[in-house]
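Taking it in order: structure first as structure tokens, then the write-up.
A short reminder: the numbers here are calculations on the coordinates, not readings from a lab. Please read these numbers as outputs of a predicted model, since none were measured by experiment.
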Amino acid sequence: MVAYMDHKNLANETIDEARASEIADGVHRVLDGIAEAEAKAGRKAGEVRLLAATKTRDVGEIMAAIDAGVRMIGENRPQEVDVKVAGLTARCAERGFALGTAAAGDAGDDAPTPLPFHLIGQLQSNKINKVLPYVTTIESVDNLSLAQKVSRRAEARGITVGVLLEVNESGEESKSGCAPDAAADLAAAVAALPGIRLEGLMTIGAHVHDEATIRRGFAHLRETRDALLASGDAALAGCRELSMGMTHDMAIAIDEGSTVVRVGTAIFGERAFI
Ligand SMILES: *Cc1c(COP(=O)(O)O)cnc(C)c1O
């Protein structure tokens, strides 16, 4: 068990009104920021989707974000998915949302609204089965061996799981992700696997102050995606998403073509635990 999970009951569903309104303010601020960045970049309103990065947040905090307009969430650790998923699923259902349903699967007027659930942190192969029943997309696949294992386990369950290929555009050693020059071949190999739908690429912005450096990584991810789409490989036709941009580099990422921004701190405040 991760140590911080001993300090905080992540299954807790009750938060006070002050905390709920703090989170609602955060969501509204971030949604406004996305709209503003879209407009500045000359992009269509609503093109960029917000994923709330919910690590270290409890069920009550996450539901407050959903009540304020969040429509996609992402967890980093399979253990956290495990602790929260029952409460989240039940509270979402009460509000007419189907947690962990891909946005594509629509069925009728009374069907609940899909609320995609992503895994955005590193995934060890022995934890794949822990998350597969719940997550719509795994954003953090960065090698073929892991992709093959996800593929086999998804096939065994008779499901298809969304995958983003994580690319380490900054080259920072602390980060996971494949090397940028390996991304194209790896994406083609991953897309060819059964049980997997390659939906796009993901990166974490360079941890530096220099905006040009951050921007270069995001631009390179977009160029890689564009080259994959132009390759003519039918298995790559759905590789459209660019998951890039967090609290501090969201506007730059949107300017460089991001389709999903993953935001935690700007919604929920500073994390007490990493
Ligand atoms: C925590 C996390 C985020 C959100 O980071 P903030 O700076 O809190 O917005 C985004 N992506 C990943 C992979 C994360 O682990």
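Annotation: amide H of residue 49 within the under-5 Å range of 260, 261, sequence separation 5 or more or interchain, hydrogens built in the peptide plane.
Averaging the inverse of every distinct alpha carbon separation and then flipping it gives the Kirkwood radius. What is it for the range 30-171, in angstrom units?
Computed over the range 30-171, the radius equals 16.2 Å.
Distances between placed amide hydrogens fall under 5 Å for residue 196 paired with 161, all partners being 5 or more residues away or on another chain. Taking θ as phi - 60° and the Karplus parameters 6.51, -1.76 and 1.60, the scalar couplings of the range 155-164 work out to 4, 4, 8, x, 10, 10, 10, x, 9, 10 Hz in sequence order, x denoting glycine and proline.
Here the Karplus curve 6.51 cos²θ - 1.76 cosθ + 1.60, taken at θ = phi - 60°, turns the phi angles of the range 257-269 into couplings of x, 3, 10, 9, 10, 9, 10, x, 3, 5, 8, 9, x Hz, with x standing for Gly and Pro. At 1.306 mPa s and 10 °C, plugging the Kirkwood radius over alpha-carbon pairs of the range 20-80 into Stokes-Einstein gives what diffusion coefficient in µm²/s? Diffusion coefficient, whole number: 128 µm²/s. Ellipsoid semi-axes for the range 165-204, based on the Cα gyration tensor and the rule √(5λ), read 20, 10, 7 Å when sorted largest first.
Short-range pairs are left out: with C-alpha atoms under 8 Å and at least six residues apart, the relative contact order of the range 1-139 is 22 percent. In this entry, the chain is assigned a mean projected area of 14.5 nm², taken as a quarter of its C-alpha convex hull surface.
In the range 150-227, the inverse of the mean reciprocal separation of distinct Cα atoms equals 13.4 Å; this is its Kirkwood hydrodynamic radius. Cross-link partners of residue 127 among aspartates and glutamates, defined as those whose alpha carbon lies under 15 angstrom from its own and excluding same-chain residues fewer than eight positions apart: 75, 80, 82, 139.
Amide H contacts under 5 Å for residue 101: 115, 117, restricted to partners 5 or more places along the chain or on a different chain, H placed in the peptide plane at 1.01 Å from N. Pairs from the list 55/175; 130/175; 55/130 with a Cα-Cα gap above 21 Å: 130/175. Phi angles of the range 238-249 translate, via the Karplus equation with coefficients 6.51, -1.76, 1.60 and θ = phi - 60°, into HN-Hα couplings of x, 7, 10, 6, 10, 8, 7, x, 10, 3, 8, 10 Hz per residue; Gly and Pro are given as x.
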